[in-house]
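Peer 1: Have a look at the structure that comes next, please.
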Amino acid sequence: MRDDHGGKSVMRKKKRLRFEAEPQGLILNSLVDIALSLVIGFIVAIPLFFESGIFVNAPGVAPGSATEVSDIKVNIHLLNDGGILLNEEPVTYEKLDELLPQLLARSLEKRVIVSADSEVTYERVVQILDLAKQKGAGELALLRSRR
């Protein structure tokens, strides 16, 4: 710029404004970065919180073929009067002790299903479960009511 001051041309320098002090207020860039990192971390971690240590296999339908041999079922029902039904046939405890290994030998899954009437004591149910396990049962199942 030129000014005419007494016939002389003078060049003026522009002064730049300087901020000597730090700007007042929060710097939001770093806060937004931290908040976004926390949100991403929680999103990644949420599935880990809902995993439980108990895994249950729901019963499903197994694919079968026409040539497959059907599995022998072992259903034991305890009656209130002390009787035992093995696959709907009345048997004594001694006969059950004899027949159970034979049935389990022919069974693919070796599953024993035990049910009892309402007045049967737990002691009798546990006695039958123990017998089934001793005779080679792989899986034991308890039913609330008779099929």
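Peer 1: Mind checking the dipole of the stretch 74-143: about its Cα centre, +1 per Lys or Arg Cβ, -1 per Asp or Glu Cβ, Debye to the nearest 20?
Peer 2: 340
Peer 1: Give or take rounding to whole Å, what are the principal axis extents of the alpha carbon atoms in the stretch 74-143, in descending order?
Peer 2: Sorted from largest, the Cα extents of the stretch 74-143 read 32, 20, 18 Å.
Peer 1: Towards the positive end of the charge dipole of the stretch 79-147, with charges on Cβ (+1 Lys, Arg; -1 Asp, Glu), say which of Leu96, Val120, Ala141 has the farthest Cα.
Peer 2: Ala141
Peer 1: Measure off 7 Å from each Cα along the Cα-to-Cβ vector at Ser37 and Ile113, then give the distance between these two points in nanometres to one decimal.
Peer 2: 5.8
Peer 1: Stretched out fully, how many nm does the piece from Leu48 to Asp71 gain, at 0.36 nm a residue minus the Cα gap?
Peer 2: Contour length minus the Cα-Cα distance gives 4.3 nm.
Each reported figure results from applying straightforward, stated rules to the coordinates on display, with no laboratory input. Nothing here was measured: the structure is a model prediction, and the numbers come from that model. A quick note on method: Cβ atoms are made from the backbone with ideal geometry, for glycine too, and the neighbour counts reach across all protein chains shown.
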